[in-house]
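Down below is the structure, laid out as structure tokens.
The values are calculated or read from the model by the stated rules, or taken from the named source; none is laboratory data. For clarity, every value in this text was computed on a predicted model and none was experimentally measured. Here Cβ is always computed from backbone atoms with ideal geometry, including for glycine, and neighbour counts include all displayed protein chains.
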Amino acid sequence: MTSGKAPLNAPPPLSETLKRDAPEPFTFNSKTHAKLIKFYKKYSDTTKQSFDYFFDSLLLTATWAKDELDGYKSLLTKSDLLAEHKSLLIAVKRTTTKLKNISPEYDRLLGIEPIIEECLDSLQSLGSKLAKSETIVKQQEQKPRIEEYRRSVLDEFTVRVMQVLIECDIKIVGTGCDGFEYENLTVELLVIVSKEINIVLSKLTWRDYIIRNREN
């Protein structure tokens, strides 16, 4: 008679294993959360959008920027693409040659000639397409330099943060100079949020991002 209890050495349920192994979703830490509450209460017309909307919009923006910046590592250079293309083309040609040269004894043993004929047709078709597509690969744009890529992401990040301020009825004020550090609402918010994605820029640099993207 069993007690209904799982054996002591039984593995955990699959659902628990998947949950444990799954990466933690990105979120703001408690200090940033507190700063955003303070910012919102100080500047926002709370009759238009709730703090939850303000917070979630910024979290989505930061998550997008983080994913884009992390994704740079996975972008392939043109050389990478050409190397992969060449490697695949060589592999197809070699496999085609091997299939064509299978000995009669081996074929009689396994009886695979009909299957091999089908494979050869497919491989020859693939090889022909690969040979013709090399020009397409060569025409691909070069992978952007990390500085250019990072700047384009931060341009879009700045635009999205400004959009959150507009949607929450928080006015984007003009910049002013105080000890060469530019203080305004947008810079203040950009500094708070960007630190969560390990982007640390001076207030002056963020001001330049704001001006460039407001003009665009």
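For the range 53-88, taking the residues that are of a type in the set (A, V, I, L, M, F, W, C) and surrounded by fewer than 17 Cβ atoms within 10 Å (Cβ to Cβ), the one that is farthest from residue 127 (Cα to Cα) is identified as 60. Within the range 48-68, track down each residue that is without any contact (Cβ under 8 Å) to a residue 40 or more places away in the chain and not in a helix (DSSP H, G or I). Result: 50, single match. Of all residues in the range 148-170, those satisfying the criterion of being β-branched (Val, Ile, Thr) and either touching a residue at least 60 places away in the same chain (Cβ under 8 Å) or not in a helix (DSSP H, G or I) (or both) are 153, 161, 164, 170. For residue 134, the criteria (1) at pLDDT 90 or above; (2) exposed (fewer than 14 other Cβ atoms within 10 Å of the Cβ) hold in every case but one, which is (1).
Would you check if there is a residue in the range 99-111 being at pLDDT below 80, over 30 Å from residue 67 (Cα atoms) and surrounded by 12 or more Cβ atoms within 10 Å (Cβ to Cβ)? Within the range 99-111, one or more residues are at pLDDT below 80, over 30 Å from residue 67 (Cα atoms) and surrounded by 12 or more Cβ atoms within 10 Å (Cβ to Cβ). Residue check: residue 189 meets all listed conditions (1) surrounded by fewer than 16 Cβ atoms within 10 Å (Cβ to Cβ); (2) closer than 26 Å to residue 53 by Cβ; (3) modelled with pLDDT of 85 or more but one, namely (1). Within the range 28-45, restricting attention to residues that are surrounded by 13 or more Cβ atoms within 10 Å (Cβ to Cβ) and in a loop (DSSP other than H, G, I, E, B), the residue that is modelled with the highest pLDDT is 28.
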